[in-house]
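Below is the structure I would like to discuss, written out as structure tokens.
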Amino acid sequence: MSTSDDDDTRTYAVVLNDEEQYSIWPGDKDIPAGWRAEGTRGAKADCLAHIDEVWTDMRPLSLRRKMAADAEAAS
């Protein structure tokens, strides 16, 4: 059974993977392998608002690095 956002009173944690991609995870659950706590905890809406604020480049870190290396090599 899913919980609607209106009735969701759980605490969430903002999590981050090695590619610097963000997500939220229920605060009472173990964080899955490959992810780490970013430090922000709170209501679902607050965590999502934080992600909107800090995740300004949706490209994975490996792609950003490759594109930067290609641009440097071309100049």
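Looking only at the stretch 25-35, decide whether some residue is within 25 Å of S4 (Cβ to Cβ), of a type outside the set (D, E, K, R), in contact (Cβ under 8 Å) with a residue 12 or more places away in the chain and in contact with a helix residue (DSSP H, G or I) (Cβ under 6 Å, 6 or more places away or on another chain).
no
Return the pair list, or none, for Cβ contacts closer than 7 Å from residues in the stretch 56-71 that are surrounded by 10 or more Cβ atoms within 10 Å (Cβ to Cβ) to residues that are outside any helix (DSSP H, G or I), at least 6 apart or on different chains.
Close Cβ pairs satisfying both conditions: P60/E19; P60/Q21; L61/E19; L61/E20; S62/E19; R64/D57.
Follow-up question, since we're still on this one. Which count do you get for residues in the stretch 40-55 that are under 14 Å from T11 (Cβ atoms) and exposed (fewer than 10 other Cβ atoms within 10 Å of the Cβ)?
0
Only the coordinates and a few stated rules stand behind these numbers; no lab work does. Nothing here was measured: the structure is a model prediction, and the numbers come from that model. Using ideal geometry, Cβ is built from the backbone for each residue, glycine included, and neighbour counts are taken over all protein chains shown.
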